[in-house]
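K.L.:
The structure's right below; bear with me while I get my questions together.
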Amino acid sequence: MRDPNVAKFYAADASPLVVILGTNEIASAVAVALRRAHYSVVLSHASFPPVIRRAMAFHDALYGDPATIEDIEALTADSVIGIAAVVADPRRVAVTPLQLSDLMGIKSPDVIIDARMQKHSITPDYRGLARLTIGLGPNFMVGENCDVAIETHPAQTGLLVENGATAAADGKARPLGGVGRERFVYSGQGGLWHTALEIGMRVFQRYLLGYLDGHPILAPIDGVLRGVARDGVRAPANVKLIEVDPRGRLASWTGIDARGRAVADATLHAVRQMAAREVMKSGVYSF
């Protein structure tokens, strides 16, 4: 505990700690908004589903690759000293392979945000582990497995849900350049994914993108690679491996898109709203 960053991390007046479950583009957009609002932010890696929009996310920091979104940089950390050192810099967030149970042993978070976007999985109840728990996307029921939730459904993106459940996943993709689900490639079976391609590359329909468990994966349409699962990842069946942006010169694959920003703004609003309620109750601002 001699490290001054560690002492500051544990200090009573330290910046409130937010743990975000997930390292995808939605989790990363939320991390940027909260870091700019002076919260200490740690993103915990989730292996499911694979992250494909990696140029819009902090995910690749886990592998030592540069990961900066707008003015915020992510660095990997796997210990209290490492996390404390990263979040001591107001322009950085920590990305860690440590799971929530490990992080709880380091320091109790003020806010837990489940941004894993596990559309068809049972969502655990983390209430009571933090002063505020927020669920992003499908499978959240306020009062049962979160305190508040944020919609990510294309028709309601960014809607704050304080009662009831979020919209169920319907399998419909938000149109991009007039193309919906057809721009994605899904894994037909589980297996080891290998690709030599990078996000931002121009591809054409039926262009060889990589191999899943030895089976060739081809581009579904002409366009620019907006999302590609990282080479060497083990992918389960029925998850997205590839996204192709069909918009030609208007294609984008970096930074925060409109959906991510709407969800991030709503999440920050929810955190500030809870903080304001605490002030009204106790007269003391604490997070």
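Read-outs: derived from the displayed coordinates by stated rules, not from any lab. The shown structure was predicted, so the numbers you read here are calculated from the model rather than taken from an experiment. Here Cβ is always computed from backbone atoms with ideal geometry, including for glycine, and neighbour counts include all displayed protein chains.
K.L.:
Let's see if you can work this out: charge +1 on each Lys and Arg Cβ, -1 on each Asp and Glu Cβ, no other charges. What is the dipole magnitude of region 181-246 about its Cα centre, in debye to the nearest 20?
P.N.:
In total the dipole reaches around 100 debye.
K.L.:
Mind listing P(r) for region 181-246? All alpha-carbon pairs, 5 Å bins, whole percents.
P.N.:
Computed distribution, short to long bins: 4, 21, 34, 25, 14, 1.
K.L.:
What is the chain's relative contact order, in percent, from Cα pairs under 8 angstrom and six or more apart in sequence?
P.N.:
Normalised by residue count, the contact order of the chain is 18 percent.
K.L.:
Just how large is the dipole of the chain about the Cα centre, in debye to the nearest 20, putting +1 at every Lys and Arg Cβ and -1 at every Asp and Glu Cβ?
P.N.:
Computed charge dipole of the chain: roughly 380 debye.
K.L.:
Also, quick follow-up: Relative to the longest principal axis of the C-alpha atoms of the chain, give the angle of the C-alpha long axis of helix 258-282, reported between 0 and 90° and rounded to the nearest 10°.
P.N.:
10 degrees
K.L.:
What is the extension gain from SER121 to PHE48, computed as 0.36 nm multiplied by their sequence separation minus the C-alpha to C-alpha distance, in nm to one decimal?
P.N.:
Between SER121 and PHE48, full extension yields an extra 25.3 nm.
K.L.:
Separate question: For the chain, what is the number of Lys pairs with C-alpha distance below 24 angstrom, counting only pairs 8 or more positions apart or on separate chains?
P.N.:
Step by step, the pairs that qualify in the chain add up to 4.
K.L.:
Starting from the 7 Å offset along Cα-to-Cβ, what nm value, one decimal, do you get for the label separation of ALA7 and HIS215?
P.N.:
With each label point 7 Å from Cα toward Cβ, the separation is 5.8 nm.
K.L.:
How far apart, in nanometres, would the label points at ALA155 and THR254 be if each is projected 7 angstrom from Cα along the Cα-to-Cβ direction?
P.N.:
If labels sit at ALA155 and THR254, their model points lie 3.6 nm apart.
K.L.:
Normalised by the number of residues in region 181-246, what is the relative contact order in percent for Cα pairs under 8 Å and 6+ residues apart?
P.N.:
RCO, region 181-246: 45 percent.
K.L.:
Evaluate the chain: find the radius of gyration of its Cα atoms, find its Kirkwood radius, and give the ratio Rg to Rh.
P.N.:
With Rh from the inverse mean 1/r over Cα pairs, Rg/Rh is 0.98.
K.L.:
Relative contact order for region 9-83 using alpha-carbon pairs under 8 Å, separation at least 6, rounded to a whole percent?
P.N.:
Here the relative contact order equals 27 percent.
K.L.:
How would you rank 107-117, 73-83, highest first, on the average number of other Cβ atoms within 10 Å across their residues?
P.N.:
Packing proxy ranking, top to bottom: 107-117, 73-83.
K.L.:
At a 10 Å Cβ-Cβ cut-off, how would you order GLU151, GLU144, fewest neighbours first?
P.N.:
GLU144, GLU151
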